[in-house]
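K.L.:
A single structure is presented below for examination.
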Protein chains: 4
Amino acid sequence: MNTRIAIIGAGIMGADHGDIISKELPGAKLQVVCDAFEERATALAKACGDADVSTDPYSVIARKDVDAVIVASPDHTHAELVMACIEHNKPVLCEKPLAPTAAESLKIIKAEVACTKQMVQIGFMRRFDQSYREMKSVLDNNVIGQPLMMHNFHRNVETPAADFTADMAITNSAPHEFDVARFILGSEYKFISSFSPKGGNDKVGPVFMVLETQAGQLVNIEINNNASYGYDVRGELIGEKGAVSLNSPTYTTLDLKLSKSTQYAQDWRARYREAYRRQNNDFLHFVQTGEFSKIASNSWDGYCANVTAEAGVKALATSERVAIEYAQMPALYK
Amino acid sequence: MNTRIAIIGAGIMGADHGDIISKELPGAKLQVVCDAFEERATALAKACGDADVSTDPYSVIARKDVDAVIVASPDHTHAELVMACIEHNKPVLCEKPLAPTAAESLKIIKAEVACTKQMVQIGFMRRFDQSYREMKSVLDNNVIGQPLMMHNFHRNVETPAADFTADMAITNSAPHEFDVARFILGSEYKFISSFSPKGGNDKVGPVFMVLETQAGQLVNIEINNNASYGYDVRGELIGEKGAVSLNSPTYTTLDLKLSKSTQYAQDWRARYREAYRRQNNDFLHFVQTGEFSKIASNSWDGYCANVTAEAGVKALATSERVAIEYAQMPALYK
Amino acid sequence: MNTRIAIIGAGIMGADHGDIISKELPGAKLQVVCDAFEERATALAKACGDADVSTDPYSVIARKDVDAVIVASPDHTHAELVMACIEHNKPVLCEKPLAPTAAESLKIIKAEVACTKQMVQIGFMRRFDQSYREMKSVLDNNVIGQPLMMHNFHRNVETPAADFTADMAITNSAPHEFDVARFILGSEYKFISSFSPKGGNDKVGPVFMVLETQAGQLVNIEINNNASYGYDVRGELIGEKGAVSLNSPTYTTLDLKLSKSTQYAQDWRARYREAYRRQNNDFLHFVQTGEFSKIASNSWDGYCANVTAEAGVKALATSERVAIEYAQMPALYK
Amino acid sequence: MNTRIAIIGAGIMGADHGDIISKELPGAKLQVVCDAFEERATALAKACGDADVSTDPYSVIARKDVDAVIVASPDHTHAELVMACIEHNKPVLCEKPLAPTAAESLKIIKAEVACTKQMVQIGFMRRFDQSYREMKSVLDNNVIGQPLMMHNFHRNVETPAADFTADMAITNSAPHEFDVARFILGSEYKFISSFSPKGGNDKVGPVFMVLETQAGQLVNIEINNNASYGYDVRGELIGEKGAVSLNSPTYTTLDLKLSKSTQYAQDWRARYREAYRRQNNDFLHFVQTGEFSKIASNSWDGYCANVTAEAGVKALATSERVAIEYAQMPALYK
């Protein structure tokens, strides 16, 4: 029988999850679409087949005919919804962030530890992206020797909202970089320094962070939410013998008007579509077998992203190098 | 209810189809795997879930619980199997070639025309490939003006079999290029000239063809089955105002030992995996709705590839420019 | 003492030679600038220092204070001027073509042979281009095994003149490709086939040629004088083990408006500036030492280009594969 | 008459200067080669024609038949030699650094100011590199809007000497980046933070610096002297509307053994050969006309590099963000 999945939140991310489940994920069934706006839930349910519709996430999580939950609702609702999933023993894939603060993520960790089993995956889908996987494989196979530095560049055409702040570049955009760099290097962060250039317009400028890991590596991150020219994620890992970079796959090159060009996407969706598919397939396998893969991120990873972001915000405010201090990692996540 | 599909032929291509159907195509169910070698059929059925196994393709085609058929058996069996599908009113996706000769393809066309509806798709999956789709879109949107030339390069690491000949480069490998160039340009071929360089080893060398279309364009095709360095498909379309080229998506770049490099695949599977998925999804939609998409290729396309290949073989043997002459296209395919 | 050079022809090519001699070639002195239009000669002489000015090329060639001559005048004047240089025992670097026909080139060869020494270099500067040199080195070092095919693409923004014809694409533009491919492969041509697509506008379209060498290789050449999008020369040499391609060096990449782009030049000058400098330096060394380098092209090479072009024009007119037949090569050129 | 130049220091850099002057710089004459090791001076003089040889730089600077001097001797000798040039009223092109410390550079500046004219250029040849020039032109033409960040990466195969230290990465390698970023942005630095990752081997690791300019931009610099994989200089300038990156020109691409590759150089010489030629040509023009170009760097630029490097060393030692404070710039350099 197909695994019955409920999606909570029928915005852009929820719609993508619904699309993947209904069109690319045999073995999964979209059972319920839940959104505070019923029309939006109805529209998504219709687009994805014949799922039920709801506006009450807690009743959805409690439904017996729901095997697993994907949380794609507004950020501030994540923590409570994930807690409800844990209470109802429903495996949950939660879009980042797990919670707005490290303290709240720790509460979820406590609840999950009390269950004595992992129930939560975080939507750090970059771990499943082919480019990052090849980068990790190059490192793990010792092709480039020991890692020294990782450069990460995250650029959006423009900020997602008018009230987006430099702090949000750290708390909202950077967690993908915080997580994937830590995942690839296999090392925790120790210090963070944050910098922000000033431009001539009144848009939120880039934030540049230098993280030092416990193993002594540097992880540099540029978050540039008003890069204007396109959606562009770059990364390079430098080892003692060589280096490996992420490519942005493009499919054609155009020669026109004295210019040779490839195109940037407007946003992340084309670039990471396949990563989302793999992530959701991995989650499905987890739901079906109980086995938590070595790739997927968990609550602890969500917590680590919070801790790092909070230190990054402090570093930006103080122009100081701020220490990153984690709680003790419960044995459940080892 | 899921559409029940039988795969005939459990070799490399059949295995890929099985993998796609079972792992990436909600709405489809792999019902039967059929192969002359029972073990091979059994292995594939097991790898893809719980499909039935058979060694008799005709009984499989006849089964009431089979809604559609994918033919991925040895080339010489295609025509007869497709005929059986037509007889049993089963939509069929047939790997190229449709038949070994244009004459035999015409017989299938006759049978299909007698049905008064289209039933056959040919596995010219490149039409679904993102690079070719972007190329076609660039042309159709008049970005580069009227098309003048198309350069096509098809390179394999080595020939698939020891007894592979230069003629087979034309009849077996080139049809993908014949079809996709014709599809993109929207014009039929009029003449073909074939050339073959001689190398120092005793391997089958490349074949180079120059095709002239009825609209006056040139389509150049290099088929290089012993290119040795990697699987590599390239293409460029030159218009009056500009040009568009296919890229080979790569995911990382490696800097090592005074070299900056990206990797080639050993064969076509990674490059065209997504194209196969889209093609099979398109076929599924056809089976479910009866609507034949504007992208998918049909029997007539399979026949055109035969006619072109036969002229190409003659051109290679005679060192002459050979006319390409088609039968009258039945209204069914318009 | 500096070698005193006269430039005949103060058009674009002559101006570039003057610029190179006066600004980048220590050991050479621009002695005279000669042009039918005195103002043009004067302007160039002034731009390059204090050279004399003349409108009579034959008296310039005869001057005692002229050690060597560069012929950059209109094509139809080349042969006679080179003959005059031979008569006056002045080494000459002649822009291609050596002569308008193979028959006339043979006359020059006869005159040069009578001198019992080489006196003529042809301006096939691509032999000195870094990209072609690396390509040749890759081949000569057996990196890619025996050569099988060479693809050559020559694209201009637009034809240099309104009365440019498809035949001129073969006689005027293609000789660079004829020469450099033959130089790299070290093999003469045996057959040529020519094709020309028809476009929707009334501009001279591209010409596509397939040449078969005596050693059995294929040399394909696209001459596209109205490519519109930019000046673009591409080339690829395919061997039994691998392939090597020419790059077009670019210096920056621009990310703007959803596009990642590099720029094409409007014409050949930036791309081949360094090749011209090396060629002229090689010519200077020849004048100073009497040693004819292994890279530079000679009268025989100029003749071979004529023979090939004449066969190519015939092939285009007849749609037939035309044999390329050379006279016996004099021992002087071995 | 040719401008007579003396080269002091016949090591790698001196040899390159000699090569350029004698082979690519009409109007200049290599008059004397001076080196503490007479054989080395003699060898270079011979390779470049018929220059005189000396082991005493001060007498060379004093020679009446020397119009200008290029200082390419060991770093610690630069300051005294430049002072001698100023005393003898000889224009001098001094390889970086101008002096080992900011304090000593200030003394030179004082001496030069006392002359009431500029006499010193520093060998910051990147300002003349085509890639940086295009980058500056893109910025100056407002193609990418106001500048926000510049990323700079400098990688060598290995450190030039066994006793190379992380501090030397800042004082010896980074000045090229300090200078060119400041030149392109047209803004002075205000703060510097330095970081250094720890590797598994005992080689000097990379140093990563974040500089904040007075105008509020960020300039990030990676100096990686043991990058192992090749000589590689990268740079990217990010503006409010777009970004422009430096390319490393390559001339061929090789397809071999499942890999598509371009090659890195072993060191900087091929990459910057043309920049050195342009720089020396600019210096020659300065010597001949007395006009100091807007591109060339002067003593003040050399001093600024010292100040920045000293702050960078302090930042590395203290893990603190260090202020960069300059003396008052004399009017001579405005």
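K.L.:
Being among the aliphatic types (A, V, I, L, M) and in a strand (DSSP E or B) is the filter here; which residues of region C:52-78 pass it? Break it down stepwise before answering.
P.N.:
To start, the set of residues in region C:52-78 that are among the aliphatic types (A, V, I, L, M) comprises C:53, C:60-62, C:66, C:68-72.
Within region C:52-78, C:Val53, C:Ala68, C:Val69, C:Ile70, C:Val71 meet the criteria.
K.L.:
Collect the residues in region D:194-209 that are under 20 Å from the mean Cα position of the chain (by Cα) and part of a strand (DSSP E or B), keeping them in residue-number order.
P.N.:
D:Val207, D:Phe208, D:Met209 - these are the residues of region D:194-209 that are under 20 Å from the mean Cα position of the chain (by Cα) and part of a strand (DSSP E or B).
K.L.:
Are any residues in region D:247-287 more than 18 Å from D:His176 (Cα to Cα), surrounded by fewer than 16 Cβ atoms within 10 Å (Cβ to Cβ) and either in contact (Cβ under 8 Å) with a residue 40 or more places away in the chain or of a type in the set (Phe, Trp, Tyr) (or both), and if so, which ones?
P.N.:
Across region D:247-287, the qualifying residue is only D:Gln266.
K.L.:
Which of the following residues is more than 23 Å from D:Thr101 (Cα to Cα) and assigned by TED's automatic domain parsing to the domain that holds D:Cys115: D:Cys85, D:Cys34?
P.N.:
Selected residue: D:Cys34, the only one of D:Cys85, D:Cys34 that is more than 23 Å from D:Thr101 (Cα to Cα) and assigned by TED's automatic domain parsing to the domain that holds D:Cys115.
K.L.:
Could you look through region C:202-218, keep only residues that are more than 9 Å from chain B (Cβ to nearest Cβ) and of a type outside the set (Asp, Glu), and pick out the one that is farthest from C:Ile324 (Cα to Cα)?
P.N.:
Filtering first and then ranking leaves C:Val204.
K.L.:
Turning to a different aspect of this structure: Looking at region C:205-219, can you tell me whether even one residue there is closer than 17 Å to C:Thr165 by Cβ and β-branched (Val, Ile, Thr)?
P.N.:
Going through region C:205-219, the residues closer than 17 Å to C:Thr165 by Cβ turn out to be C:205-209.
Imposing the further condition that a residue be β-branched (Val, Ile, Thr) reduces the set to C:207.
Among the residues of region C:205-219, at least one is closer than 17 Å to C:Thr165 by Cβ and β-branched (Val, Ile, Thr), which makes the answer yes.
K.L.:
Which number in (1) closer than 24 Å to A:Asn172 by Cα; (2) in a loop (DSSP other than H, G, I, E, B); (3) touching a Cys at 6+ places or on another chain (Cβ under 8 Å) marks the one condition that A:Leu81 misses?
P.N.:
A:Leu81 satisfies every listed condition except (2).
K.L.:
Scan region B:39-50 for residues that are within 13 Å of chain A (Cβ to nearest Cβ) and in contact (Cβ under 8 Å) with a residue 24 or more places away in the chain and report the count.
P.N.:
Residues flagged as within 13 Å of chain A (Cβ to nearest Cβ) and in contact (Cβ under 8 Å) with a residue 24 or more places away in the chain within region B:39-50 amount to 2.
K.L.:
Outside any strand (DSSP E or B) and away from chain D (no Cβ under 14 Å): does that describe A:Glu158? Working first, answer last.
P.N.:
Values: outside any strand (DSSP E or B): yes; away from chain D (no Cβ under 14 Å): no.
The answer is no for A:Glu158.
K.L.:
Further question: Can you tell me which residue is farthest from A:Pro97 (Cα to Cα) among those in region A:176-201 that are away from every other protein chain (no Cβ under 12 Å) and either touching a His at 6+ places or on another chain (Cβ under 8 Å) or at pLDDT below 95 (or both)?
P.N.:
Ranking the qualifying residues of region A:176-201, first place goes to A:Glu177.
A quick yes/no check of all residues on (1) of a type in the set (Ser, Thr, Tyr); (2) not assigned by TED's automatic domain parsing to the domain that holds A:Phe191:
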{"residue": "A:Leu256", "(1), (2)": "no, no"}
{"residue": "A:Ser261", "(1), (2)": "yes, no"}
{"residue": "A:Arg277", "(1), (2)": "no, yes"}
{"residue": "A:Gln288", "(1), (2)": "no, yes"}
{"residue": "A:Ser293", "(1), (2)": "yes, yes"}
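K.L.:
Can you report the number of residues in region A:288-316 which are without any contact (Cβ under 8 Å) to a residue 24 or more places away in the chain and polar (S, T, N, Q)?
P.N.:
2
K.L.:
Moving to a separate point now. Scan region D:42-56 for residues that are touching a Ser or Thr at 6+ places or on another chain (Cβ under 7 Å) and either farther than 23 Å from C:Gln279 by Cα or crowded, with 17+ Cβ neighbours inside 10 Å (or both) and report the count.
P.N.:
The total comes to 2.
K.L.:
Continuing with the same structure: How many residues are surrounded by fewer than 22 Cβ atoms within 10 Å (Cβ to Cβ) and under 14 Å from B:Glu325 (Cα atoms) if we restrict to region B:181-198?
P.N.:
Total satisfying the criteria: 4.
K.L.:
Out of A:Val66, A:Val71, A:Val120, A:Val53, I need the residue that is over 19 Å from the mean Cα position of the chain (by Cα), in contact (Cβ under 8 Å) with a residue 40 or more places away in the chain and within 23 Å of A:Gly11 (Cβ to Cβ). Which one?
P.N.:
When all the criteria are applied, what remains is A:Val66.
K.L.:
Mind checking which residues of region C:259-277 are more than 14 Å from D:Val143 (Cα to Cα) and out of contact with any Lys or Arg (no Cβ under 9 Å at 6 or more places or on another chain)?
P.N.:
C:Gln266, C:Asp267, C:Trp268, C:Arg269, C:Ala270, C:Arg271, C:Arg273, C:Glu274, C:Arg277
K.L.:
On to the next question. What number of residues within region B:139-155 satisfy the criterion of being of a type in the set (D, E, K, R) and in a strand (DSSP E or B)?
P.N.:
Number of matching residues: 1.
K.L.:
For region A:121-138, which positions are hydrophobic (A, V, I, L, M, F, W, C), away from every other protein chain (no Cβ under 11 Å) and assigned to a helix (DSSP H, G or I)?
P.N.:
A:Met125, A:Phe128
K.L.:
Here are some residues: D:Lys107, D:Lys96. Which one is in the same structural domain as D:Thr289 (by TED's automatic domain parsing), assigned to a loop (DSSP other than H, G, I, E, B) and either surrounded by fewer than 23 Cβ atoms within 10 Å (Cβ to Cβ) or not aliphatic (A, V, I, L, M) (or both)?
P.N.:
Exactly one of D:Lys107, D:Lys96 is in the same structural domain as D:Thr289 (by TED's automatic domain parsing), assigned to a loop (DSSP other than H, G, I, E, B) and either surrounded by fewer than 23 Cβ atoms within 10 Å (Cβ to Cβ) or not aliphatic (A, V, I, L, M) (or both), namely D:Lys96.
Here's the yes/no breakdown for (1) within 22 Å of B:Lys257 (Cβ to Cβ); (2) among the hydrophobic types (A, V, I, L, M, F, W, C); (3) touching a strand residue (DSSP E or B) at 6+ places or on another chain (Cβ under 9 Å):
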| position | (1), (2), (3) |
| --- | --- |
| D:Ser248 | yes, no, yes |
| D:Tyr264 | yes, no, yes |
| D:Tyr326 | no, no, yes |
| D:Pro330 | no, no, no |
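K.L.:
Being within 26 Å of A:Ile21 (Cβ to Cβ), of a type outside the set (A, V, I, L, M) and not in a loop (DSSP other than H, G, I, E, B) is true for just one of B:Gly49, B:Gly18. Which residue is that?
P.N.:
B:Gly18
Conditions (1) crowded, with 21+ Cβ neighbours inside 10 Å; (2) under 22 Å from the mean Cα position of the chain (by Cα); (3) away from chain A (no Cβ under 14 Å), marked per residue:
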| site | (1), (2), (3) |
| --- | --- |
| B:Ile7 | yes, yes, yes |
| B:Gly18 | yes, yes, no |
| B:Ile21 | yes, yes, no |
| B:Leu25 | yes, yes, no |
| B:Leu30 | yes, yes, no |
| B:Phe37 | no, no, yes |
| B:Ser59 | no, no, yes |
| B:Ala62 | no, no, yes |
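K.L.:
Is it true that B:Tyr229 is over 30 Å from B:Ile7 (Cβ atoms), buried (at least 21 other Cβ atoms within 10 Å of the Cβ) and either over 22 Å from the mean Cα position of the chain (by Cα) or within 14 Å of chain A (Cβ to nearest Cβ) (or both)?
P.N.:
yes
K.L.:
So which residues in region A:314-334 are farther than 16 Å from A:Glu188 by Cβ, loosely packed, with under 14 Cβ neighbours inside 10 Å and not β-branched (Val, Ile, Thr)?
P.N.:
A:Ala317, A:Ala331, listed by residue number.
K.L.:
Let me ask another. Which of the residues belonging to region A:264-297 are aliphatic (A, V, I, L, M), part of a helix (DSSP H, G or I) and within 14 Å of another protein chain (Cβ to nearest Cβ)?
P.N.:
A:Ala270, A:Ala275, A:Leu284
K.L.:
How about region C:234-263: which of its residues are part of a strand (DSSP E or B), in contact with a helix residue (DSSP H, G or I) (Cβ under 7 Å, 6 or more places away or on another chain) and at the interface with chain D (Cβ under 9 Å from one of its Cβ atoms)?
P.N.:
Across region C:234-263, the qualifying residues are C:Val244, C:Leu246, C:Thr252, C:Leu254.
K.L.:
Go through region D:113-157 and give me each residue that's more than 24 Å from D:Ala99 (Cα to Cα) and either surrounded by fewer than 17 Cβ atoms within 10 Å (Cβ to Cβ) or polar (S, T, N, Q) (or both).
P.N.:
D:Gln130, D:Ser131, D:Ser137, D:Asp140, D:Asn141, D:Asn142, D:Val143, D:Gln146
The values are calculated or read from the model by the stated rules, or taken from the named source; none is laboratory data. Bear in mind the structure is a predicted one, so any value in this text is a computation, not a measurement. Cβ sites come from the backbone with ideal geometry, for glycine too, and all protein chains shown count toward neighbours.
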